[in-house]
Amino acid sequence: GDVPFVILQDMHSASMGELTGYAFIQSLPAAVTIGERSVGATGDLMPEYPDIYHAGTANYHGDVSIYTSTFDSRYYNGRKGCWESFEGIGFEPDIYCHLDYDALVADGRDTQLDRAVDYIISEGNHLK
């Protein structure tokens, strides 16, 4: 059988962190993500100017022009059989688990890591 493989992600996982995690999910049959929805690559380049997104020109106050060049991050969703953009959307984890920052700071307990260990142990028991 396949050995369980876990990728942890949270609401701060972005850009190559998302793409790397997704690459493992696509190439390892037993891989799962545990955590929270990821950021969604670059998203808005500057949140205070929501119309500057991906690429193009924006003019502000008639005397400032901003030129941007980015790309729309897409991936092939093998589960749905189509290409999808995750720009500004992110990836949902296979298993949702909130990262409890208070517990992490107070006593070093990482709720996502604990959930991942539980998952690996339970799935590993099926391999015996």
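Please treat every number below as a calculation from the coordinates, not as lab data. Since this is a predicted model, take the numbers as computed values, not measurements. With ideal geometry, Cβ positions are generated from the backbone for all residues, glycine too; neighbour counts draw on all protein chains shown.
Residue by residue through the range 25-31, what is 3J(HN,Hα) from phi via Karplus (6.51 cos²θ - 1.76 cosθ + 1.60, θ = phi - 60°)? Round to whole Hz and write x for glycine and proline.
Each residue of the range 25-31 in turn: 4, 6, 9, 10, x, 9, 7 Hz.
Using amide H atoms built in the peptide plane, which far-off residues or other-chain residues are under 5 Å from Phe5 H to H?
The answer is Ala31, Val32.
Can you tell me how much longer the chain between His98 and Ser15 gets when fully stretched, taken as 0.36 nm per residue apart minus their C-alpha distance, in nm with one decimal? Intermediate values should be presented prior to the final figure.
Numbers: separation 83, 0.36 × 83 = 29.88 nm, distance 2.02 nm.
Contour length minus Cα-Cα distance gives 27.9 nm.
At 7 Å along the Cα-to-beta-carbon direction for both Ala106 and Phe24, put a label point, then send me their distance in nm to one decimal.
2.9 nm
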